[in-house]
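J.: One structure, as structure tokens, below. Some questions next.
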2 protein chains.
Amino acid sequence: MPELRRDPITGRWVIIARERGQRPYDFIVEKDKVKGGFCPLCPGNEKTTPPEVLAYGRPDNNPNGEGWDLRVVPNKYPALIIEGALDKRGEGIYDKMNGIGAHEVIIETPDHYSTIEELELGKLELVFRAYRDRILDLSQDKRFKYIIVFKNFGKSAGASLEHSHSQLIALPVIPNRIQEELDGCLRYYDYKERCAFCDIIHQEQSQMERIVWENDEFITICPFASRAPFEMVVMPKRHQSRFVSMDDAQFQALTELFSETMRRLNAVVPGVAYNYMLHTAPINQDALEHYHWHIEIMPKLTTIAGFEWGTEFYINPSPPEDCAQILCERGTLSREEIQDGQPEHETTIDSQQVKKT
Amino acid sequence: MPELRRDPITGRWVIIARERGQRPYDFIVEKDKVKGGFCPLCPGNEKTTPPEVLAYGRPDNNPNGEGWDLRVVPNKYPALIIEGALDKRGEGIYDKMNGIGAHEVIIETPDHYSTIEELELGKLELVFRAYRDRILDLSQDKRFKYIIVFKNFGKSAGASLEHSHSQLIALPVIPNRIQEELDGCLRYYDYKERCAFCDIIHQEQSQMERIVWENDEFITICPFASRAPFEMVVMPKRHQSRFVSMDDAQFQALTELFSETMRRLNAVVPGVAYNYMLHTAPINQDALEHYHWHIEIMPKLTTIAGFEWGTEFYINPSPPEDCAQILCERGTLSREEIQDGQPEHETTIDSQQVKKT
């Protein structure tokens with residue numbers, strides 16, 4: 001029998017429909033590599049991007065030159081533009097404002113072919129530090145209310161360049177999806193006087209059914225009401241509403257856990273396209289008792305069709321318990337050993353098994 | 001300068017980013033036909049579907065035989081199942097219930113290759129009458145709270161069969177997306193004592209910028225805060241909260257307008273994949289002053305990526321005003337003549353122009 005599950009934060013329902021005949025291994029990962037050609041993100045081509053706003057690993061006296069470990073540049077085709085005053089207007093029943101915002105590209109590595117799970121830990125930590133530094137800098141701009149960091153990997157997940165990069169958009173309004181989470185968390189807090197995410201972490205640790213990986217500071221789970229196979233969420237174990245509040249120990253722990261998480265996803269469905277999105281408290285909202293930052297990871301394995309568009313219900317053919325177990329077992333360690341925090345990098349994959357249908 | 005626009009019903013923001021360089025004609029419609037082979041929906045194969053729950057155009061004494069104009073059958077691989085009692089349970093912080101519901105397939109025509117815009121008006125009207133008849137029948141089941149009717153056309157829009165069909169899912173809960181509309185409409189009504197959709201129709205008729213087609217009873221517009229190029233919404237001009245309340249004149253008028261709307265979409269972007277979704281008031285909620293049923297039409301021309309997932313913001317490169325004008329001008333009539341209600345079927349299309357990039 002299929003099961004309806006409700007996300008405790010947003011109230012969104014999903015249908016876990018194991019009976020529809022697709023097991024987690026049945027997904028075909030279509031080859032959807034982004035086409036090659038000239039790469040504006042590669043070393044040597046720095047002059048083809050807008051001037052950088054941040055660079056790590058290179059002497060400061062050579063801006064927009066080579067020798068960097070990571071660069072952040074404005075998007076050449078921005079969805080929003082940085083110059084101008086906010087101008088909010090009505091037009092009868094409709095509301096609009098001009099498209100003020102920032103749209104930046106975080107070039108995660110100089111190596112064109114390196115994927116995020118292949119980065120050395122020291123280099124991956126720079127990616128998270130760049131997210132923090134750019135959020136802190138843009139937060140000073142009084143026009144902005146929210147900053148979303150996200151990554152599109154693979155053409156079907158919306159990437160238009162192959163070179164490993166993430167993006168950041170600063171917005172003059174709080175987006176609906178975030179407001180929905182804030183409202184849901186506040187309702188829970190009003191009722192329980194506890195953070196809903198903290199309660200989720202405790203329940204997951206006691207149920208031991210949906211944990212993919214954890215260390216002292218962070219945990220990765222397949223959420224109870226997963227919208228798609230191998231959906232994951234990464235959460236700090238300490239209650240913390242803002243990504244930028246992380247200390248050094250947390251940066252290091254997040255890096256280790258995230259690297260392992262992405263390596264496991266790629267071991268199970270090699271080359272899968274995915275999106276990840278950082279959800280943190282809005283700008284200028286100090287430490288919130290009721291909100292908890294997190295990273296959502298959405299592999300692109302199912303299609304959004306009329307039912308999903310029309311209802312915001314999702315049909316997920318693979319229970320998150322099965323997905324978490326597969327993600328755990330891809331290594332040689334047992335789930336118990338994995339939960340002791342030993343990283344396991346020697347995962348192998350039987351590609352015959354993955355591409356069954 | 002890009003523009004931020006807010007949907008007056010849901011509060012969802014979109015970015016209309018004309019500057020990103022894609023004009024409405026620049027979209028490549030990828031060939032994503034659903035693969036052929038044995039078709040369980042074709043005449044002669046009636047025994048390969050679950051037994052029909054409705055058929056039009058055939059003598060009643062030959063159920064599941066040939067000779068029908070339209071059939072409705074349970075989905076062979078249902079997302080929810082019809083037998084059983086609802087069993088709502090908690091599991092710590094999580095809520096779940098068993099997957100009770102109905103999942104049916106409306107086989108719109110016996111002709112395997114006919115698309116919805118190619119159906120004769122008399123046949124298309126049967127499709128809408130089948131939606132009504134099935135909604136009325138399933139509404140008697142006290143376990144159900146909402147019935148969503150939708151159509152997936154083209155593989156990238158989630159269709160798995162080529163033969164023209166739509167689907168219906170009866171749900172034991174009201175979906176988030178619908179509740180969001182109901183809440184938004186109620187807030188508006190509390191403030192204005194008017195229906196938000198009625199106000200939208202009046203404003204669109206006075207602005208004359210986003211109307212695609214209209215007749216005495218119905219209107220098609222490209223919504224002010226369109227999420228994607230050529231998004232459209234079809235609304236009855238009379239205030240009406242339930243699809244099933246339509247009278248005969250409305251069925252006929254809806255059929256004419258919908259046929260013309262889909263023909264125009266297909267003239268502008270031939271073969272485009274799309275979804276449409278019927279939004280009507282929940283079951284057992286009698287005529288609501290604040291809600292207005294409608295059909296959302298979403299062509300599949302852009303990709304849902306990390307930004308959209310993470311925020312529910314959408315980046316739309318084509319202003320709805322431009323899209324509406326293109327949809328109007330694809331015929332030989334002027335916008336004014338079109339608004340006089342003369343249908344125009346002799347649209348021609350320069351395919352070179354459509355597939356520019």
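J.: Near the amide H of residue A:75, under 5 Å away, which other amide H atoms are found, from residues 5 or more places off or on another chain, if H is placed in the peptide plane?
T.: When sequence neighbours closer than 5 places are left aside, the close amide H contacts are A:103, A:104, A:105.
J.: Still on this structure, please answer the following. If one computes the Cα centroid of segment B:127-164 and of segment B:169-223, what distance in Å separates the two points?
T.: Using only Cα atoms, the two centres lie 21 Å from each other.
J.: What are the ³J(HN,Hα) values, in whole Hz, obtained from phi via the Karplus relation 6.51 cos²θ - 1.76 cosθ + 1.60 with θ = phi - 60°, for each residue of segment B:140-146 in sequence order, with x given for Gly and Pro?
T.: Karplus values, whole Hz, x for Gly and Pro: 6, 7, 5, 6, 9, 10, 8.
J.: Sticking to Cα atoms, compute the Rg of chain B to one decimal and its Dmax as the biggest Cα-Cα distance, whole number, in Å.
T.: 20.5, 64
J.: Placing the label point 7 Å from Cα along the Cα-to-Cβ direction, what are the distances from residue A:321 to the equivalent spots in the other copies, shortest first, in nm to one decimal?
T.: Spacings between copies for this position, smallest first, are 5.5 nm.
J.: How big is the dipole moment of chain B about its Cα centre under a simple scheme where the beta carbon of each Lys and Arg is +1, that of each Asp and Glu is -1, and everything else is neutral? Debye, nearest 20, please.
T.: Result for chain B is approximately 1200 debye, rounded to the nearest 20.
J.: Okay, moving on. Shortest first and in nm to one decimal, what separations exist between residue A:85 and its copies in the other chains, measuring from label points 7 Å along the Cα-to-beta-carbon line?
T.: 6.6
J.: Can you give the percent of C-alpha pairs in the protein assembly as shown whose distance is more than 53 Å?
T.: Details: 22075 of 254541 pairs.
Here the tail beyond 53 Å accounts for 9 percent of pairs.
J.: So, one more: Report, in deg cm²/dmol and to the nearest 500, the calculated mean residue ellipticity at 222 nm for the protein assembly as shown, where each DSSP H run with n ≥ 4 adds -39500 (n - 2.57) and the sum is divided by the residue count.
T.: Details: 16 runs with 186 residues, N = 714.
Taken over the protein assembly as shown, the calculation gives -8000 deg cm²/dmol.
J.: Could you go through segment A:268-275 in sequence order and give the Karplus-derived ³J(HN,Hα) for each residue, using 6.51 cos²θ - 1.76 cosθ + 1.60 with θ = phi - 60°, rounded to whole Hz, and x for Gly and Pro?
T.: Per residue, the Karplus-derived 3J(HN,Hα) values read 7, 10, x, x, 4, 6, 7, 10 Hz.
J.: Starting from the Cα gyration tensor of segment A:30-164, multiply each eigenvalue by 5, take the square root, and state the resulting semi-axes largest first in whole Å.
T.: 29, 19, 14
J.: Over the protein assembly as shown, what is the percentage of antiparallel beta bridges among all DSSP beta bridges, to the nearest 5?
T.: Expressed as a percentage, antiparallel bridges in the protein assembly as shown total about 95.
J.: Moving to a separate point now. Within 10 Å of each residue's Cβ, count the other Cβ atoms and sort B:120, B:329 from fewest upward.
T.: Fewest-to-most ranking of B:120, B:329: B:120, B:329.
J.: If you don't mind, there's one more thing I want to ask. Quick check on my link table: of A:155/B:300; A:76/A:145; A:300/B:151, which ones sit more than 18 Å apart, alpha carbon to alpha carbon?
T.: Beyond 18 Å between Cα atoms: A:76/A:145; A:300/B:151.
J.: Using Cβ contacts closer than 10 Å as the measure, can you line up B:139, B:259 from fewest to most?
T.: Ascending Cβ contact count within 10 Å gives the list B:139, B:259.
J.: Going by C-beta contacts inside 10 Å, put A:35, B:237, B:123 in order with the fewest on the left.
T.: Result, fewest neighbours first: A:35, B:237, B:123.
J.: Okay, moving on. For residue A:241, enumerate residues with amide H under 5 Å from its amide H, sequence gap 5+ or separate chain, H modeled in the peptide plane.
T.: Those lying under 5 Å, H to H, from residue A:241 are A:288, A:293.
J.: Right, something else. What does the copy distance list look like for residue A:287, label position 7 Å along Cα→Cβ, in nm and ordered from shortest?
T.: Shortest to longest, the spacings are 5.7 nm.
J.: Taking θ = phi - 60°, what integer Hz values does the Karplus form 6.51 cos²θ - 1.76 cosθ + 1.60 yield along segment A:296-305, in sequence order, with x for Gly and Pro?
T.: Result, rounded to whole Hz: 9, 10, 10, x, 9, 10, 10, 9, 7, 10.
J.: Since chains A and B are linked by a rotation, which residue in A has the beta carbon closest to its axis, and how far is it in Å?
T.: Spelled out, residue of A and its Cβ distance from the axis onto B: A:304, 3.
J.: Would you mind checking the radius of gyration and Dmax of segment B:176-357 based on alpha-carbon positions, in Å?
T.: 16.7, 50
Coordinate-derived values only; no laboratory data. All of these numbers come straight from a predicted model, not from anything done at the bench. Every residue, glycine as well, gets a Cβ built from its backbone with ideal geometry; the counts of neighbours run over all protein chains shown.
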